[in-house]
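As structure tokens, the structure follows; a few thoughts come after it.
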Amino acid sequence: GEPREKGRGRWAVPVCARLESTGSSGAKTVCGVASRGTTTLEVKGADCPSAIVPNVGEKGYYRYALPPEWMKKLVGAKLSAAERLGVVMNAAALLKSGVLNADDYFKVIQGFSGDTDRFVVDAVVGGLRLAEVALVDDESRAGYRELVSRTLGPVEHRQDRGDQAVSQHQQDPG
């Protein structure tokens with residue numbers, strides 16, 4: 001079929017979400033087509049999800065907004081590296097557009113502070129830079145520095161351990 005709705009000039013975008021569940025049904029993926037600003041996916045026969053992953057595998061070309069309590073559950077869900085990266089990038093886009101407030105944005109960023117994937121770590125660092133440019137003034141700079149230290153501390157600690165291992169290997173390569 002046509003990727004655009006006839007006569008409307010809007011794209012029809014395939015959407016898949018994964019419903020994580022601690023119940024007997026396990027994870028369930030539901031798919032649909034978004035053709036307007038808001039899309040609802042119908043879920044039949046699933047337990048109440050413990051988390052909703054709105055862009056399964058980060059294969060879709062769309063942004064999503066979740067209420068803060070569901071965003072917190074998403075950050076804590078078992079996600080692939082691509083999905084974790086997507087959550088951080090999605091949060092940045094929502095912050096830029098004014099859909100996500102600064103407090104909720106920082107919760108998302110901090111939720112991935114201990115991540116081990118270099119692309120996710122880069123996105124967290126980039127997200128902090130975005131916040132600094134968009135939100136930090138002289139009055140809030142000290143609080144921002146503290147937040148950056150708490151957020152990047154786990155990354156810095158991992159880097160220190162890596163540097164020690166490299167240094168030790170260079171001294172005793174055998």
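Worth pointing out:
- Candidate set: segment 56-72, residues that are free of Cβ contacts under 8 Å to residues at least 40 places away in the same chain and of a type in the set (D, E, K, R); chosen: the one least open to solvent (accessible area, probe 1.4 Å): 58
- Failed criterion for residue 132 (all others in (1) charged (D, E, K, R); (2) at pLDDT 90 or above; (3) exposed (fewer than 12 other Cβ atoms within 10 Å of the Cβ) hold): (3)
- When each of 145, 84 is tested for being among the basic types (Lys, Arg) and loosely packed, with under 13 Cβ neighbours inside 10 Å, the lone residue that passes is 145.
- Checklist (1) under 25 Å from residue 62 (Cα atoms); (2) at pLDDT below 90 applied to residue 157, failing item: (1)
- Selection within segment 1-24 - at pLDDT 70 or above and under 17 Å from residue 39 (Cα atoms): 10, 11, 12, 13, 14, 15, 16, 17, 18, 19
- All helices (runs of 4 or more DSSP H) inside segment 24-143 with 3 or more residues being in contact with a helix residue (DSSP H, G or I) (Cβ under 9 Å, 6 or more places away or on another chain) and under 29 Å from residue 10 (Cβ atoms): 68-76, 81-97, 102-111
- Only residues that are without any contact (Cβ under 8 Å) to a residue 40 or more places away in the chain, under 11 Å from the mean Cα position of the chain (by Cα) and closer than 17 Å to residue 64 by Cα were counted in segment 95-126, giving 3.
The values are calculated or read from the model by the stated rules, or taken from the named source; none is laboratory data. The structure presented is a predicted model; accordingly, all values stated were derived computationally and were not measured. Methodologically, a virtual Cβ is constructed for each residue, glycine included, from the backbone with ideal geometry; neighbour enumeration extends over all protein chains shown. The accessibility values were calculated without ligands, DNA or RNA, using every heavy atom of the protein model including side chains. Shrake-Rupley method; radii C 1.70, N 1.55, O 1.52, S 1.80 Å.
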